[in-house]
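The values are calculated or read from the model by the stated rules, or taken from the named source; none is laboratory data. This one's a predicted model, so the numbers in the text were calculated from it and none came from an experiment. Note that we place each Cβ from the backbone using ideal geometry, even for glycine, and neighbour counts take in every protein chain shown. Ligands, DNA and RNA are excluded from the accessible area calculation, which covers all protein heavy atoms including side chains. Shrake-Rupley method; radii C 1.70, N 1.55, O 1.52, S 1.80 Å.
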Amino acid sequence: MPNSEDYVSSVSWIKEGNYLAIGTSNNEVQLWDAENTKRIRSMTGHAARVGALSWNSYILSSGSRSGYIHHHDVRVPDHHVATLGGHAQEVCGLKWSPDGKYLASGGNDNVLNVWSNSYNTVDNSPLHVFTQHQAAVKAVAWCPWQPSILASGGGTADRHIRFWNCNTGQCIKSLDTKSQVCSLLWSNEYKEVISSHGYANNELIIWKYPSMIKVAELTGHTSRVLHMSMSPDGTSVVSAAADETLRIWKCFDVDKTKKEGSHHNYRKIWQQHFKTRNTVISMTCSSSSSSSCRVLVGLLAF
């Protein structure tokens with residue numbers, strides 16, 4: 001960053017290819033060619049830092065501290081094609097559904113919005129506005145095998161994971177986790193969800209879906225587990241916490257010959273951890289076809 005006080009506030013790989021989107025504290029969205037370490041373009045328009053990014057084909061959506069979401073068509077010079085205004089505070093969670101039909105946005109205003117992929121330049125209103133969470137909604141994740149099912153998690157005053165059918169606008173399940181929910185991911189290999197938590201337990205938990213029976217608790221972090229990202233092959237999860245460590249968990253590996261057995265008979269969970277020396281404020285794994293988890297993080301220096 002040109003200014004020593006500026007920082008990377010969000011990162012997101014395009015689904016196919018080596019292009020990386022970066023949101024910054026000075027209100028920009030940048031597009032980088034990661035292979036050649038070259039910035040392709042900078043896209044302005046936001047009035048505050050860009051803390052959330054999500055791709056839908058060639059449309060890059062960015063959420064800002066101002067509460068607004070911008071859609072950028074990265075193919076054309078006039079990139080800003082739509083603005084969504086549905087939050088009174090910072091957009092802290094943003095994710096397109098696997099089929100590209102819906103966009104979920106969570107805010108520090110405790111609101112979860114679901115938007116259609118049909119938008120215009122004049123009037124854009126959310127399809128669904130969910131207000132059941134009692135704290136910031138940072139954790140949002142779409143089910144990979146039922147693309148209309150959305151999971152969301154609330155902060156310290158809420159502690160709930162909630163599941164929504166976005167075709168009907170109904171909450172289909174809710175669970176009190178007894179801890180701040182910071183991030184959510186679905187497994188592609190198992191019908192399971194993994195959640196990361198802050199106060200009070202600072203851990204990761206794997207849940208069986210839809211029963212939400214606890215499968216495993218993954219401990220080791222000593223402060224809020226702020227971010228998670230899945231490896232391209234779906235076997236590993238990398239977590240980043242305010243304790244300034246990254247931990248890689250091999251938690252969804254499968255022995256195909258033993259998969260008919262019980263969970264603990266055919267799956268072992270192991271971890272590696274790395275010290276970052278600074279707080280990780282954004283993280284993403286490369287979406288390339290490689291099975292390895294190539295992690296890119298944004299670090300905030302205090």
Of all residues in the range 169-205, count the ones that are of a type in the set (S, T, N, Q) and assigned to a loop (DSSP other than H, G, I, E, B). 7
Out of all the residues in the range 127-148, which are out of contact with any Ser or Thr (no Cβ under 8 Å at 6 or more places or on another chain), closer than 18 Å to TYR68 by Cβ and open to solvent by less than 40 Å² (accessible area, probe 1.4 Å)? ALA136
Filter the range 11-61 down to the residues that are of a type in the set (D, E, K, R) and under 26 Å from SER118 (Cα atoms) and list them by number. LYS15, GLU16, GLU28, ARG41, ARG49
Which one of LYS173, LYS191 is of a type outside the set (A, V, I, L, M, F, W, C), modelled with pLDDT of 95 or more, within 30 Å of PHE274 (Cα to Cα) and open to solvent by 50 Å² or more (accessible area, probe 1.4 Å)? LYS191
Restricting to the range 122-168, name every residue that is among the hydrophobic types (A, V, I, L, M, F, W, C) and assigned to a loop (DSSP other than H, G, I, E, B). VAL122, LEU127, ALA135, ALA136, VAL137, CYS143, TRP145, ALA157, CYS166
May I ask you to list the residues in the range 178-188 that are free of Cβ contacts under 8 Å to residues at least 60 places away in the same chain and open to solvent by less than 10 Å² (accessible area, probe 1.4 Å)? SER179, VAL181, CYS182, LEU184
What pairs can you find where one residue is in the range 7-22 and over 16 Å from LEU94 (Cα atoms) and among the polar types (S, T, N, Q), the other is open to solvent by less than 20 Å² (accessible area, probe 1.4 Å) and part of a loop (DSSP other than H, G, I, E, B), and their Cβ atoms are less than 9 Å apart, with a gap of 6+ or different chains? ASN18/SER286
For the range 77-91, check the following and say yes or no: at least one residue is under 17 Å from the mean Cα position of the chain (by Cα), open to solvent by 10 Å² or more (accessible area, probe 1.4 Å) and closer than 21 Å to GLN180 by Cα. yes
